[in-house]
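Trainee: Sharing a structure here in structure tokens format.
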Amino acid sequence: MTEAEIRQLIRQETRFRTGLGFDVHPFEEGRKLVLGGVEIDHSHGLEGHSDADVVVHAAMDACLGAAGLPDIGHFFPNTSEEFRGADSLVLAREVTRQLQQRGFEVINLDVMVLAEVPKVGPHRDAMRANLADAFRLPLESVALKATTMEKMGFVGRREGIAVIASALARQT
Ligand code: MG
């Protein structure tokens with residue numbers, strides 16, 4: 001392999017970038033619970049400026065991170081009336097547009113939900129479908145898993161839900 005070929009290979013490989021996202025929202029009585037764009041029947045919803053969809057928020061930050069862009073607070077400030085009660089899936093479509101504008105496409109998304117309640121399993125595929133649609137991914141490229149925190153910490157005390165997400169993007 002020539003030096004030029006090696007350089008070309010490195011250039012191609014650096015077109016792939018990973019991104020990490022994390023978010024937390026506390027439970028609040030009297031609010032609807034929206035996770036991954038799915039409205040879930042539960043005693044509490046999540047507190048937040050938008051619909052407080054902690055799953056979509058972490059996923060957006062992972063995708064933005066992969067493109068080397070700032071966090072969702074930069075694009076959708078929680079001081080803006082425009083985003084009060086916002087449907088986070090609409091914001092995710094805007095993130096996808098921002099990435100496309102910069103020549104990035106998301107390759108896959110992996111989401112880990114940390115929640116003591118409610119049970120995420122029954123809603124998993126609906127949430128995956130919503131994320132796939134918002135980030136323009138095939139369904140099989142969106143993974144979503146859930147775990148409890150074994151009754152430890154704020155998640156374990158049922159005070160809120162935390163989500164970690166990872167994304168791979170390619171600069172087209
Ligand atoms: Mg959030």
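Trainee: How about the stretch 122-159: which of its residues are in a strand (DSSP E or B) and either surrounded by 21 or more Cβ atoms within 10 Å (Cβ to Cβ) or without any contact (Cβ under 8 Å) to a residue 24 or more places away in the chain (or both)?
Mentor: Let us first name the residues in the stretch 122-159 that are in a strand (DSSP E or B), namely 142-147.
If the condition is that a residue be in a strand (DSSP E or B) and either surrounded by 21 or more Cβ atoms within 10 Å (Cβ to Cβ) or without any contact (Cβ under 8 Å) to a residue 24 or more places away in the chain (or both), then V142, L144 are the ones that fit.
Trainee: From the list D71, D53, pick out the single residue that is at pLDDT 95 or above, more than 26 Å from G121 (Cβ to Cβ) and within 13 Å of the ligand (Cβ to nearest atom). Walk me through it before giving the result.
Mentor: Working: D53 fails: more than 26 Å from G121 (Cβ to Cβ).
None of the other options fit; the residue is D71.
Trainee: Name the single residue that is surrounded by the fewest Cβ atoms within 10 Å (Cβ to Cβ) among those in the stretch 61-106 being touching a helix residue (DSSP H, G or I) at 6+ places or on another chain (Cβ under 8 Å) and among the β-branched types (V, I, T).
Mentor: T96
Trainee: When both residues are 6+ apart or on different chains and their Cβ atoms are under 8 Å apart, which pairs have a first residue that lies in the stretch 103-114 and is among the aromatic types (F, W, Y), and a second that is buried (at least 17 other Cβ atoms within 10 Å of the Cβ) and outside any strand (DSSP E or B)?
Mentor: Listed by first residue and then by second, the contacts come to F104/A66; F104/A67.
Trainee: Here is a check on your reading of the model: is A58 more than 11 Å from the ligand (Cβ to nearest atom), within 25 Å of A143 (Cβ to Cβ), crowded, with 21+ Cβ neighbours inside 10 Å and small (G, A, S)? Quick ask: steps written out before the conclusion?
Mentor: On the way: more than 11 Å from the ligand (Cβ to nearest atom): no; within 25 Å of A143 (Cβ to Cβ): yes; crowded, with 21+ Cβ neighbours inside 10 Å: yes; small (G, A, S): yes.
The answer is no for A58.
Trainee: Criterion first (at pLDDT 95 or above, within 16 Å of the chain's Cα centre (by Cα), within 16 Å of the ligand (Cβ to nearest atom) and within 19 Å of H123 (Cβ to Cβ)) does V38 satisfy it?
Mentor: Values: at pLDDT 95 or above: yes; within 16 Å of the chain's Cα centre (by Cα): yes; within 16 Å of the ligand (Cβ to nearest atom): no; within 19 Å of H123 (Cβ to Cβ): yes.
No.
Trainee: Could you run through the stretch 110-121 and say how many residues are over 15 Å from the mean Cα position of the chain (by Cα) and surrounded by fewer than 19 Cβ atoms within 10 Å (Cβ to Cβ)?
Mentor: The total comes to 4.
Trainee: While we're on this one: Search the stretch 160-172 for residues being within 15 Å of E105 (Cα to Cα) and touching a helix residue (DSSP H, G or I) at 6+ places or on another chain (Cβ under 8 Å), and hand back the single one that is surrounded by the fewest Cβ atoms within 10 Å (Cβ to Cβ). Even if it seems obvious, please write down each step before you answer.
Mentor: So the first thing to find is which residues in the stretch 160-172 are within 15 Å of E105 (Cα to Cα), and the list is 166-172.
If we keep only those that are touching a helix residue (DSSP H, G or I) at 6+ places or on another chain (Cβ under 8 Å) too, we end up with 166-169.
Details: S166: 20, A167: 29, L168: 17, A169: 27.
So, considering only residues that are within 15 Å of E105 (Cα to Cα) and touching a helix residue (DSSP H, G or I) at 6+ places or on another chain (Cβ under 8 Å), the one surrounded by the fewest Cβ atoms within 10 Å (Cβ to Cβ) is L168.
Trainee: Quick one: L69 ticks every box in (1) assigned to a helix (DSSP H, G or I); (2) within 15 Å of A169 (Cβ to Cβ) except a single one, so which number is it?
Mentor: (1)
Trainee: Just to be sure I understand, how many residues within the stretch 1-35 are within 16 Å of the ligand (Cβ to nearest atom) and part of a loop (DSSP other than H, G, I, E, B)?
Mentor: 2
Trainee: Can you pull out the residues in the stretch 76-91 that are outside any loop (DSSP other than H, G, I, E, B) and either away from the ligand (no atom under 13 Å from the Cβ) or at pLDDT 95 or above (or both)?
Mentor: Let us first name the residues in the stretch 76-91 that are outside any loop (DSSP other than H, G, I, E, B), namely 81-83, 88-91.
Those that are outside any loop (DSSP other than H, G, I, E, B) and either away from the ligand (no atom under 13 Å from the Cβ) or at pLDDT 95 or above (or both): E81, E82, S88, L89, V90, L91.
The values are calculated or read from the model by the stated rules, or taken from the named source; none is laboratory data. None of the values given here were measured: they were computed from a predicted structure. We place every Cβ from the backbone using ideal geometry, glycine too, and count neighbours over all the protein chains shown.
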